[in-house]
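The values are calculated or read from the model by the stated rules, or taken from the named source; none is laboratory data. On a predicted model such as this, the values are computed, not experimentally measured, just so you know. Heads up, the Cβs are rebuilt from the backbone with ideal geometry, glycines too, and the neighbour counts pull from every protein chain shown.
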């Protein structure tokens, strides 16, 4: 009988509980025991945070958002900031302690569900001898080596639903609605929700934008009798001219951008340049919450079950990945090397262009930039 | 055969189209003609904006958000700012022109759907001799004389759904989530969505709040092992100590509040005082959009049908209202006199208190303030 | 310190858990203890089924369907069928045993949430000396003395959502869609969902219908260029001509109705008489499940909190009711006397008529029947 | 300037309108004209049914269920049953007439959206010289050569949502709920929704089932303290023992199965054999309706845009397909040859087994059948 420990780390993603559900059931079927470590590596440091998980304990969680194991960031165990009695912050390495407790408790393997940060830590434990399997988690869908991550479809659905709601009010009032969605390094959520939600303009980190192009599209809509526009902006989108507004160069920029984000910046520029009644909205954490979509439930359950099969096959220091619609193991190291960007010559981008979406690029088409 | 004209004015509210649907059908049944005036009184000024509406034209709109008649604010026809050739803004009264055109087109009655601003204008036209019937519209549910207005249930549902989504992520990450909802003068949306969405704290304009009380509740949650809290704030909520932060008196106040709204202010204070990971979100226009709930559809259809029955009975300069669960006419003038506030001794407030919700009032209970 | 026991009985209704949530919190605030009796009176018979309920035990259940206390029908304690060793069924009265255990455990009061059956049993216990408070539960909204019951808005929303879905496919394929909804004795769900969901025909128990009228409406739609129709049928709807098809008197009736329900009967008649492609659907238990709507959550929480206030005020053998939008106590006996029927001269019925809905009555209008 | 004609045929699938939307926009961008033929080939027979489609005509339809072109089955143009004056039905071939009109109107290409029936007809027109491009449509996801078809994700989501709703009521009342979903030849919808919706048993056409196994699973649940079960049955599921109950061979079979479907059969058997309170529900047309999910919108838009690119590249008599996550052309003939069955050695099936789902196969595992 094997003993498996499972943990969840990093930001929230709908589907975390479904992974846990599948791991617990797949282990139960094999006669193995599963333990959950609370708040990342918390259970390795305090036995009260190491909980036995049986099918009964995870009943019905496959449809719930969040994670029953918690995911409060305690920091990197290899360089953890702790406060000493004098109130000073010191950075300590508690990885040996974790390794010791892992062995003492007789665990066979650790299934670590997390983003690239958590996966890197998992890999470092693998180097120290821990049998580790990674399950990728990023709502942004920007992890290399896996076609999809769970949580992404739910985030996109939430964003699209918001666009649907804003549509009717934008139309009734001849307004421009600017919606800022998640995506610091990549534009996946913006692209998918923008296409599905009828956006006129989509601004993503992969294609630096030009406000003139954005406003040209809005004015063109007017000309064609469409007196409202929907603009979707990824939080990591940047202007084309190198004026890195994130640093806040101008008087206006400072306030608007530093405090309000790129969505509010875009809205205020549209307001100034087109004279249209323009409103902005930041979806924020709404995108991380709620019951996972059917798509994400199935995907997360597959990830969890595949992780247990990898334990069975003895494939460690690897991450479960979706490749050609199949669950396969890939080395953790190769998975976390790079962020997956939106591919500019995909048929999704072509579709977006074909249905008239503007990406704010000044040379007419982003493809010839 | 009567000719009826209908218009929608002011901010968006889910159910506007359902009112139009009911008016068109109820008139059709009586053999009357219905015309829609675009963008408020637009159709009275430009015949292109006066459209004939038959059952076919309104097919299926009962379930759609927005308004097919548009609702772009052109201003008050009794004092309309217009630009002359020299580029100067002049205020003109175009009400006589509208009266003339109303007569010329042979309209029997004008059914005006709108908030207190639009209803007041409708009343002034009634004083000039126009046969007018008002249909109240406010998403805030703050109109005196009617127990409910359509759009409110949809707004509350959207806000509650958002609270549900934030719940799981707040819990997984031990966070405080602050959600700012609509309600400049009254706390109806905050109160209803807060109770239904499991809020720990609800801040409404009717009960000026004290940040110490808010933080005491959050700390009390910690003590009871609940490491996350949900705070719902109406956009018009104010602090108790008279420091009207809306005016921006302090260094912090200025930036945070003027730019970020009361929700962001509350979040930043909680962050400072409790050291909890605290996030804020402004729901904004999401609350005005989307398909109306079943409740709002039925209510809006009843308002529309009742307005037509009032035409039949010759009751003008009145507004349709929901009183004791029945549709009754009330004089427009009495309806727009005051805003309906949350009644502090209602059983809803008692329920909120009974299930442990904090209203941020320092004397322990808001009832003894 | 008082000890309160709470139970849920009868069919499922979204909001049951919200009532429990409110009772537990309102008692906790008063320093009282709450116990839950599983499966109706199960906890009075077996201590294992009597569970202590604290705020922690009911965390987040306000948004969940079903009931954490279970509601498996064990039968009426005053005449309970039990099997003896010889395998014979005997009817026994176990009410004295329940009374004894109620006293022994030191309970102050029993809050019984249930439909008319459960409320009548509660009243009989009140006659035996148990301090009882009833909370009405019926998804059909057909309980006299209370304007609304929780669960009804959710059931109507589920039915309306189904109508919305069927709309597009009915329209694309020029079909008649017949949807059978709950309502054995009254047409509330059919009426509300039918109006909100764009039905052409609504058949309710209160207005016996004539298939000729139903088909006339469908044909009239054709004439007006609307090549599809939506028909909503309450499960208890009956034909006008006295041919009580429920009893299965005719050749056709037997098979179709006994096996397929009134919805399938109506569909098959339409198919035969109009030659239209006609499909039928029975919504069934979908209407009893799922997370309660915002409206139902608030209503159920108010019911629960009001019940606890009634304990405080010592008002027993009464049921909480919604009267004039307020929570008030009414004697249980008067509440269960009659079923609340759809009032045929309400403005809801007028609205339905005004927007062109047919009720299948042959004299042109049901009002002159 | 090219003139393109587009048509939709067969049963409804959410996403049809999104395909039309993309085709119209992608053609508009290229300066081409688009016409829509109503009700399949209706526009080729009656000019009134051939409508010009511009971006304005398709505004916002990407989010709507159904098809604006209608899809009423008029039959196969190569062998169309028509009634002559004497009232006799004759089968005629009107394909030449359609070819003539196609040429006369100067169409460059016909984009036919449809299932295998419609695609086969399209291919026969291709053989007669019509430049045809197919877009696959089947809610069942059972078309060879394409990994996915639009509408499937929406159908699965609707089914999963229903399972979620039934869950709470099944649990509260210790019931078995049997849900019959679409899938005459393949179990895709049953498999996906069953896994995502927490089913205990999934019965699909690919794995003939044994009622003993089904009941064994339900009893096993009891033993483990789970007093309710969810059973998902594809409408085409059959029993293992060769007793093809569809033909109604036995005493029980006839009534229950012929009239009630396999779901009702399974429910009645469970009721008899386990004595559990068991209810059944047929989801039926709910699965074909409603707004497409985000996933389906994006997929359908990609199909539409890819079809237009195929026109540009002159690839005819081919169908757009999703292969390795990319849009590629495949010959229509190869696409319609076989139905795509659920692959029994996929990781989805393994996942289902790993989380304890029973497929009703008697040898313990369907894999060794």
Q) Which residues, counting only those in the stretch D:152-178, are without any contact (Cβ under 8 Å) to a residue 40 or more places away in the chain and closer than 21 Å to residue A:295 by Cα? A) D:160, D:161, D:164, D:165
Q.
Anything in the stretch B:83-98 that is over 16 Å from residue B:46 (Cα atoms) and surrounded by 11 or more Cβ atoms within 10 Å (Cβ to Cβ)? List them, or say none.
A. B:91, B:92, B:93
(Q) When the residues of the stretch A:1-18 are narrowed to those that are in a loop (DSSP other than H, G, I, E, B) and away from every other protein chain (no Cβ under 14 Å), which ends up surrounded by the fewest Cβ atoms within 10 Å (Cβ to Cβ)? (A) A:1
**Q.** Members of the stretch B:19-30 found to be in contact (Cβ under 8 Å) with a residue 12 or more places away in the chain and not in a loop (DSSP other than H, G, I, E, B), listed by number
**A.** B:19, B:20, B:21, B:22, B:23, B:24, B:25, B:26, B:27, B:28
Q | Pick from the stretch C:319-330, criterion over 16 Å from residue B:352 (Cβ atoms) and surrounded by 22 or more Cβ atoms within 10 Å (Cβ to Cβ), ranking: nearest to the other protein chains (Cβ to nearest Cβ) | A | C:320
**Q.** Of all residues in the stretch A:269-315 being over 17 Å from residue A:18 (Cα atoms) and in a loop (DSSP other than H, G, I, E, B), the one that is modelled with the lowest pLDDT
**A.** A:275
Q. If only one of D:262, D:178 is modelled with pLDDT of 90 or more, in a strand (DSSP E or B) and within 23 Å of the chain's Cα centre (by Cα), which one is it?
A. D:178
Q: Kindly check whether there is at least one residue in the stretch C:50-59 that is surrounded by 15 or more Cβ atoms within 10 Å (Cβ to Cβ), under 25 Å from residue C:139 (Cβ atoms) and at pLDDT 95 or above.
A: yes
Q: Kindly provide the set of residues from the stretch C:174-186 that are surrounded by 24 or more Cβ atoms within 10 Å (Cβ to Cβ) and within 12 Å of another protein chain (Cβ to nearest Cβ), ordered by number.
A: C:176, C:177, C:178, C:179, C:180
Q) Out of all the residues in the stretch B:282-294, is one or more buried (at least 18 other Cβ atoms within 10 Å of the Cβ), within 14 Å of chain A (Cβ to nearest Cβ) and over 30 Å from residue C:193 (Cβ atoms)? A) yes
Q: Report yes if residue B:59 is free of Cβ contacts under 8 Å to residues at least 24 places away in the same chain and within 12 Å of another protein chain (Cβ to nearest Cβ), otherwise no.
A: yes
Q. Taking the stated definitions as given, is residue D:21 away from chain C (no Cβ under 14 Å) and under 30 Å from residue A:226 (Cα atoms)?
A. yes
Q) Assuming residue D:224 fulfils every condition listed in (1) surrounded by fewer than 23 Cβ atoms within 10 Å (Cβ to Cβ); (2) touching a helix residue (DSSP H, G or I) at 6+ places or on another chain (Cβ under 7 Å) apart from one, which condition is it? A) (2)
Q. Of the numbered conditions (1) more than 14 Å from chain A (Cβ to nearest Cβ); (2) modelled with pLDDT of 95 or more; (3) touching a strand residue (DSSP E or B) at 6+ places or on another chain (Cβ under 8 Å), residue B:198 satisfies every one except a single condition; which is it?
A. (1)
Q) Do we have residue C:189 as touching a residue at least 24 places away in the same chain (Cβ under 8 Å), buried (at least 18 other Cβ atoms within 10 Å of the Cβ), assigned by TED's automatic domain parsing to the domain that holds residue C:273 and out of contact with any strand residue (DSSP E or B) (no Cβ under 7 Å at 6 or more places or on another chain) here? A) no
Q) Looking at (1) touching a strand residue (DSSP E or B) at 6+ places or on another chain (Cβ under 7 Å); (2) within 14 Å of another protein chain (Cβ to nearest Cβ), which is the one condition that is false for residue A:223? A) (1)
Q: Test residue A:318 against the stated conditions and say whether it is at pLDDT below 95 and touching a strand residue (DSSP E or B) at 6+ places or on another chain (Cβ under 7 Å).
A: no
Q: Test each condition in (1) surrounded by 23 or more Cβ atoms within 10 Å (Cβ to Cβ); (2) touching a residue at least 60 places away in the same chain (Cβ under 8 Å); (3) within 23 Å of the chain's Cα centre (by Cα) for residue B:144 and report the one that comes out false.
A: (1)
Q. Since residue C:307 meets every condition but one in (1) facing another protein chain (nearest Cβ under 10 Å); (2) touching a strand residue (DSSP E or B) at 6+ places or on another chain (Cβ under 6 Å), which condition does it not meet?
A. (1)
Q: Just need a number here: residues in the stretch C:152-173 that are surrounded by fewer than 24 Cβ atoms within 10 Å (Cβ to Cβ) and under 13 Å from the mean Cα position of the chain (by Cα).
A: 0
Q: Residues being part of a helix (DSSP H, G or I), in contact with a helix residue (DSSP H, G or I) (Cβ under 6 Å, 6 or more places away or on another chain) and either modelled with pLDDT under 95 or at the interface with chain D (Cβ under 10 Å from one of its Cβ atoms) (or both): count how many of those fall in the stretch C:129-161.
A: 2
Q | Residue that is within 14 Å of chain B (Cβ to nearest Cβ) and under 17 Å from residue A:123 (Cα atoms), where the choices are A:70, A:40 | A | A:40
Q: Output the residues belonging to the stretch A:341-369 that are farther than 16 Å from residue D:326 by Cβ, modelled with pLDDT of 90 or more and within 14 Å of chain D (Cβ to nearest Cβ).
A: A:353, A:355, A:356, A:357, A:358
Q: Report the residue count in the stretch B:74-121 for those that are within 14 Å of chain A (Cβ to nearest Cβ), touching a helix residue (DSSP H, G or I) at 6+ places or on another chain (Cβ under 9 Å) and assigned to a loop (DSSP other than H, G, I, E, B).
A: 1
Q | Residue within the stretch B:32-43 that is in a helix (DSSP H, G or I), farther than 26 Å from residue C:200 by Cα, over 18 Å from the mean Cα position of the chain (by Cα) and in contact (Cβ under 8 Å) with a residue 12 or more places away in the chain present | A | yes
